[in-house]
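One structure is given below, encoded as structure tokens.
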Amino acid sequence: MTDAAPQTGDAIAARLDDEALIVDVDGYEGPLDLLLTLSRRQKVDLRKISVLQLAEQYLRFVEAARALRIELAADYLVMAAWLAFLKSRLLLPPDPTEEGPSAEDLAAHLAFQLERLEAMREASGRLMGRDRLGREFFARGAPETHAIEKRTQHTATLLELVQAYARLRTRDDFRPYAFDRTDIYPLETALERLRGMIGEAVNWSDLAGFLPPGWRLAGSRRRSALASTFAASLELAKQGRLDIQQSETFAPIRVRVRQDGRRDDRTQDPS
Amino acid sequence: MTENDPTETQVTPAEKRDPNDTPGLFPVPPIAEQERMIEAVLFASAEPVTMAELTKRLPEGCDVAEALVHLRNRYAGRGVHLVRVGDAWAMRTAADLGWLMRTEQVEQRKLSRAAIETLAIIAYHQPVTRAEIEEIRGVSLSRGTIDLLMEMGWIRFGRRRMTPGRPLTFVVTGDFLDHFGLETPRDLPGLKELREAGLLDSRGMPGATLSDDDDEPEDPGQTELFED
Amino acid sequence: MTENDPTETQVTPAEKRDPNDTPGLFPVPPIAEQERMIEAVLFASAEPVTMAELTKRLPEGCDVAEALVHLRNRYAGRGVHLVRVGDAWAMRTAADLGWLMRTEQVEQRKLSRAAIETLAIIAYHQPVTRAEIEEIRGVSLSRGTIDLLMEMGWIRFGRRRMTPGRPLTFVVTGDFLDHFGLETPRDLPGLKELREAGLLDSRGMPGATLSDDDDEPEDPGQTELFED
């Protein structure tokens, strides 16, 4: 540290504390958590906390981290920026032309957030500290089920239901109510897909990379998808949306979005 | 059907009743006998049994609520208690005797701090959206956390919030109540104090009225909370 | 409760008790308390417990035989009995109440994959025709699947579709909503929400379009599902 000014014992202790915090930064669950830890140093009720002082502590922490070349996650920096803004608002006389919430309102909200987080933390501690099933109290160890009457009852949970649906919907590029023949990948679909994806192909990309999932393995499905996707690329090239390149016969066909070709879809769609 | 039978006050959905039941043919058992029946059913089950289920199992005309009161008194102070879990009832050993049950103790899954806090937030704020949980903790919620709590059976989806984006909400389950020995979510420790202190209010950043805190679940999270 | 019992003060912390505890250090609990302990142990144990095991588990100096007699008397005529099984003891439902346990014998079986997928499609797409279900699943629908779901009362016929052939449609029922704790089918979480809750198989991250995964850029179908 470069600060050469004489320091009181407290200041040194505070600085050492800050460094301890920084070393520990992975142990914090985000900026709010860190702010809560810092606020405990003021040793006052959270409702009476000095947000200005807290903002200064936080900013000092960020600065110290920077000096130690410790990279902080983006959210810590976003918080720092906000606190710097809040600090300046708190220090300067209010600007009557300024709209929106006052600095005091913002500070009060931050204090509320800290108090709420601390309350939830205490609550979770109390919750986990309760007598718990299987630890302090127990259910019947030998539930009785005489096999007299057998009846099969099928069960399913909501989780199973939604997962089944998700499995279906992510299995393939399914579109509801469209009656495709299996193993045929229509040109329209290929065109739609390619049109949606080509914008990302700023660099030359292998056309095969645009095949839809589920259609990439060798076989008739791949052949169909490749043919349609190629035809779609020709169509888009004709519309001036992309460039096509093939270095030699049978070499991979590569495509790229045409940089100056961004026109409105509706005006150029020939269909 | 309850509508037809004035003696049958808090009975189950009628469809579940066996159509072969001949109501009124048999006299209603005395209350002591009803109590015995409920005792047997609850002892036989490791899971809490709902009032509806008890009513369904007992003969027509039984007063399950009344019998439960008797049963509960009978077991007060015993090694085994009658406990209420949401709208269900179960027999559970007295918590002060846990030390005797070392062989039965099951290893409690060690939960991360994030999971524990998320669980507490859901319990105390329920129904609560993902965005609200993130707002309270000040960090975005990792997917694994919700997944884990769901898998443990402690939380489930609640109703959608009727705000823009209609975000899903989370609530705690009966298993949660059972595990933590709570009769209802209202019995959460300190709930009343927290509510009175305003710490369970949904309060957004001043000025950020538009987004409030019911952002859609796709809200990328915490980085946006502190902007503008 | 024993907590108030002045002789009982040192029982609680379970872990600290050790079979090798020097005997006589702790006063022997009163017989009523011993009875309570045995009651809890027998209740929680998966197997009948022998006298020897009970003696080992209870604090030094307890009179297990005596306490068992008390316990047996206490449960005489109740819905649950203390019974002797060989040289061990267990709690058992009174034989005359066995009929109450009959519903316990229902064999719970998970719905087959075909059935749950069909049900999910009907729930998300209702009203939906058989042909549409087959189209989505990519396989033809067996009669048994629809029959099973109908029998369970989770689906029913909806209105005929006003298209050529006027095909029947399927919709989910109120029982379905009850079972899954939904107010309306609209409360079903969307794909995106599932993904965010970590409930989708993690087959790659969204945006990794060029890798060979199944993760399509957010699909437009979902939002349309619930528009009228």
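Quick note: the coordinates plus some simple rules give every number you see, no bench work behind them. As the structure is a prediction and not an experimental result, all values here were calculated from the model. Here the Cβ positions follow ideal geometry from the backbone for every residue, glycine too, while neighbour counts run over all protein chains shown.
Distances between copies at B:PRO127, taken between label points 7 Å from Cα along the C-beta direction, are 2.8 nm in increasing order. Electrostatic tally near C:LEU54: other residues with Cβ closer than 12 Å to its Cβ, Lys and Arg +1, Asp and Glu -1, net -4. Label-point spacing for C:ILE31 across the identical copies (point 7 Å from Cα in the Cβ direction), in nm and ascending order: 3.2. Residue by residue along C:42-53, Cβ atoms of other protein chains within 10 Å of the local Cβ number 5 on average. For the range A:76-151, applying the loop criterion from DSSP together with a ceiling of 14 other beta carbons within 10 Å to the GluC sites (Glu not before Pro) yields A:GLU98, A:GLU99, A:GLU149. Each Lys or Arg adds one and each Asp or Glu subtracts one; over the other residues with Cβ under 12 Å from the Cβ of A:ARG121, this totals -1.
Per residue, the convex hull around the alpha carbon atoms of the range A:19-125 comes to 113 Å³. Cβ crowding within 10 Å, taken as a proxy for footprinting-reagent exposure, orders C:THR50, A:THR170 from fewest neighbours to most as C:THR50, A:THR170. Kirkwood-type hydrodynamic radius, the range B:69-110: 11.8 Å, calculated from all non-identical alpha-carbon pairs.
Across identical copies of the chain, C:ARG156 has label-point separations of 2.3 nm, listed in ascending order, with the point defined 7 angstrom from Cα along Cα→Cβ.
By the count of neighbouring beta-carbon atoms within 10 Å, fewest first, C:ARG195, B:ARG109, C:ARG74 end up ordered B:ARG109, C:ARG74, C:ARG195. As a ratio to 2.2 N^0.38 Å, the alpha-carbon radius of gyration for the range B:48-134 is 1.51.
Legend: ranking of residues B:THR55, C:THR163, C:THR173 from fewest to most surrounding C-beta atoms inside 10 Å; resulting order C:THR163, C:THR173, B:THR55. If you look at the Cα atoms of the range B:156-211, you get an Rg and a Dmax of 14.7, 41 Å. Here the label points at A:LEU91 and C:ASP87, each 7 Å from Cα along the C-beta direction, are separated by 8.4 nm in the simple model. Roughly speaking, what is the centre-to-centre gap between the range A:48-105 and the range C:85-100 when only Cα atoms are used, to the nearest Å? Their Cα centres are 69 Å away from one another. For the range A:49-108, the relative contact order comes to 37 percent (Cα pairs under 8 Å, sequence separation of at least 6). Mind running the shape call on the range C:102-164? Use the C-alpha gyration tensor, a ≥ b ≥ c as the square roots of the eigenvalues: rounded below 1.5 for a/c, prolate if a/b tops b/c, oblate otherwise. Taking the square roots of the gyration eigenvalues as a ≥ b ≥ c, the range C:102-164 is prolate. Considering only Cα atoms, the convex hull volume of the range A:69-128 works out to 126 Å³ per residue.
Other protein chain C-beta atoms within 10 Å of residue C-beta, averaged over C:85-98: 3.
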